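A short reminder: the numbers here are calculations on the coordinates, not readings from a lab. Since we're looking at a predicted model, the values are computed, not measured. Neighbour counts are summed over all protein chains in view; Cβ atoms, including those assigned to glycine, are modelled from backbone coordinates with ideal geometry.
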Amino acid sequence: MSISAERLQACVGSRRTFAIISHPDAGKTTLTEKLLLYGGAIHLAGSVKAKRARRAALSDWMEIERERGISVTTSVMQFVYQGIHINLLDTPGHNDFSEDTYRTLAAADCAVMLIDSVKGVEPQTIKLFQVCRLRQIPIVTFINKMDAFGREPMDLLDEIEKVLGIPTTAASWPVGSGPNFQGVFDRWSRTFRHFEKADAGSRRAPMTVTSIDDPGLRQALGASWHDRLLEEMDLLDGAGDLFDRERFLAGQVTPVFFGSAMNNFGVEPFLEHFVELAPAPRGRRTESGLIEPASPFFSGFVFKIQANMDRNHRDRIAFFRICSGRFERGMEALHVRTGRTLTLSRPLMFLAQERTVIEEAYAGDIVGLWDAGALRIGDSLSTGQPVEYEGIPRFSPEHFVRVRLADPTRRKQLQKGLDELSEEGAVQIFQDRQRLARDPILGAVGTLQFDVIKHRLKFEYNVDVLYDALSFQYARWVEGPGFDPAALERQSWTTSCVLDAEGRPVVLFENEWNLRRAVDDNPQLSFIASVQPARRGRAAS
Ligand code: G4P
C-alpha cells in the first residue's frame, strides 16, 4: 500500500525515540515504569518489575540478572502519549554492559539523563554522557529522588555544568525537599504543580496546578517556601537562564526537570514537556550521504540481536531502528551486506517484555525482526538505494579469557553457542592462528559479561565451560602494508596476534608499554581501537 508524502511526513513527525542514561540505582527502572504509567501503557506501577522477576524465574539466563539485582538486557518499550508514538529504549545501567548501551544510543534520537539528587553526577553518568556528546544527541535531565534529603538544586545544576561541561537551564524547580517536597514550579508555564502521594506511587499522583500570580499559592506553600521560590526564580531569571531550542538540539545545553519518580512527583509535567522537547527523527548519516526520515523508501539498521529471549521458542530477534520511510509487515528489503533479499514477515513491537505483531511502522520506530541467523549488529536493510548506516562501532575489549570445555564432546554446541552470542554482541571471540577453533579466546569490555556467557552457554546450549584468565589488557585491530603477525609477536613475547570472528587480525597486548612500542616500531601499520563490523564485500567467509 502506498502512502502520500504528507501522511508519511506526519507519521514520522509523531515519533520520539529516546533512551534513559544513568548510574545504577538512580531510579531508571522506576522512572521508566512511571512514564509507562502516565503514558497509559500500564495501569498499576510495580507490574513491570514484578513481571521482570516472574520472567526471570522462567527464563533461566535472566536468573543472573535477578541474583545480582542488575539489568543486563536492553529492551524497548513503546506507547502513545498525546498522539505521539514513543519508543523508549532501556539501557543496562551496569558498567560492564556499556557496549550494549553504546549500541542502544546509536538507535536513539534523544537521551534523558537521570541524576540522583543525593549522589549527583556519578561515574557511569559521565561515561554515558560523553557518548551522547560525541553523537551530539540532545539531552534532557531529570533530577530524581527530590523526596530524599538531597543536595541543593543550585548545587546540582552547578555540578552538572562543571563536571559534564554542559550548560543547564532549569525547566522546573522543586519546592521543598525530603519529606517536605511539595511539588515543582514549571518555569515555562509559570505554574506550580502541587502533588499528593497516592498508593505508594503505584497510581498517578493527584496534582493541583496554581498560577504563580494566584494569591492562594503563598498560603498553599507556606510563607517561607513561597519566599524562597520567588527568590530563586529571580536568581534564575536574572542569570539570563533562557531555553534555546537550537542549542538543545545540538546537544549544547540541557533543560533540567526535578521530581521523584517513586512518588510520581514531577513525572507528568516532565512527560508533557518531553514530548515537545524531544526531536522527531532527523536525517541520518550513511556511507553515501544523509538520508531523510520521510524519504519514500524504507531503510534502517540492526542495533541489537537477542537470542533465546523466550527459551521455549528458541527465537532470535534483531532490534531494528527504522531510519526512513514506512515499514509494512511482509515487505521485502535488500540486506545490504550480503546483497540478498529478506522478507520481513513477523515484525514485533514491545511493551516491556510483551510483544505484538504489527502491520506497519515508521521512521523513528524500533521493530523486532525474527531472524534465522542472517542479520548482524550494524546491518542495514533498504527497499531503495543500498544505503549503509554508520555508527555501531565494536569496542576493543579490556578483559580476556581462554575457554575450555568441561566435556570435550560438546565442541560443536560450544561453537554454535559462541557464534550466536558473539553475533548478539554479548562477547567477542578470537581464535589463535595456530590452534584455530580449539579453545577460543573471549574478550569483553567488563568481566561480568563472562559470567553471563558461562551461564547462558550452560542453560541455552547445555555446555559447561571453564575459563583460564589471560593477562592481556588491550586489543587492536591491525591494518597496513606488509603486516606480519609472527614478526610482531617476535618483537615482544607478551603480545599475541589472533583473528576476530570475521577473520580480521587483532593484536592483544599485556600492557600499555608493549602497545606503545608496537605502534612506535611499526609506523606503516594502523592499530585501531574500535572498528565497524564487516561491511559489504568484506563479510566473513
Ligand atoms: P535503577 O534502575 O536506576 O538501578 O534504579 P531503580 O529504579 O531500581 O531504583 C533504585 C532504588 O532507588 C530503588 O530502591 C528505588 O525504589 C529507589 N528510588 C527510585 N526513585 C526514587 C525516588 O524518587 N525517591 C526515592 N527516595 N527513592 C527512589 P531499592 O530500595 O533499591 O528498591 P525497592 O525495594 O524500592 O524496589
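Details
- Neighbours by Cβ (under 7 Å, 6+ apart or cross-chain): first from segment 18-42, more than 19 Å from PRO269 (Cβ to Cβ); second of a type in the set (Gly, Ala, Ser) and more than 7 Å from the ligand (Cβ to nearest atom): ALA19/ALA108; ALA19/ALA111; ILE21/ALA111
- Residues located in segment 419-449, provided they are β-branched (Val, Ile, Thr), farther than 26 Å from GLY368 by Cβ and outside any strand (DSSP E or B): THR447
- 1 or more residues in contact with a Lys or Arg (Cβ under 9 Å, 6 or more places away or on another chain) and more than 25 Å from SER288 (Cβ to Cβ): qualifying strands (runs of 3 or more DSSP E) within segment 365-418: 366-370, 399-405
- Comparison of VAL463, VAL452 shows that the only residue that is in a helix (DSSP H, G or I) and either touching a residue at least 24 places away in the same chain (Cβ under 8 Å) or in contact with a helix residue (DSSP H, G or I) (Cβ under 6 Å, 6 or more places away or on another chain) (or both) is VAL452.
- Qualifying residues in segment 219-251 (those that are of a type outside the set (A, V, I, L, M, F, W, C) and under 15 Å from MET154 (Cβ atoms)) - the one nearest to the chain's Cα centre (by Cα): ASP241
- Taking the listed residues PHE320, PHE274, PHE270, PHE243, the one that is closer than 30 Å to GLU388 by Cα and touching a strand residue (DSSP E or B) at 6+ places or on another chain (Cβ under 8 Å) is PHE320, with no other qualifying.
- Taking the criterion of being closer than 16 Å to SER422 by Cα and in contact with a helix residue (DSSP H, G or I) (Cβ under 7 Å, 6 or more places away or on another chain), the only residue of segment 497-523 that qualifies is ALA501.
- Restricted to strands (runs of 3 or more DSSP E) entirely inside segment 234-318, those with at least 3 residues that are under 22 Å from ILE366 (Cβ atoms) are 284-286, 299-307.
Listed here are the residues, each with its yes/no results for (1) within 15 Å of the ligand (Cβ to nearest atom); (2) in contact with a Gly (Cβ under 7 Å, 6 or more places away or on another chain); (3) among the polar types (S, T, N, Q).
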site	(1), (2), (3)
GLN82	no, no, yes
HIS85	no, no, no
THR101	yes, no, yes
VAL175	no, yes, no
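- Every residue from segment 325-364 that is in contact (Cβ under 8 Å) with a residue 60 or more places away in the chain and within 18 Å of ALA294 (Cβ to Cβ): GLY325, ARG326, GLU328, TYR362, ALA363, GLY364
- Criterion (within 16 Å of the ligand (Cβ to nearest atom), among the small types (Gly, Ala, Ser) and not in a strand (DSSP E or B)) met by exactly one of ALA111, ALA106, ALA148: ALA148
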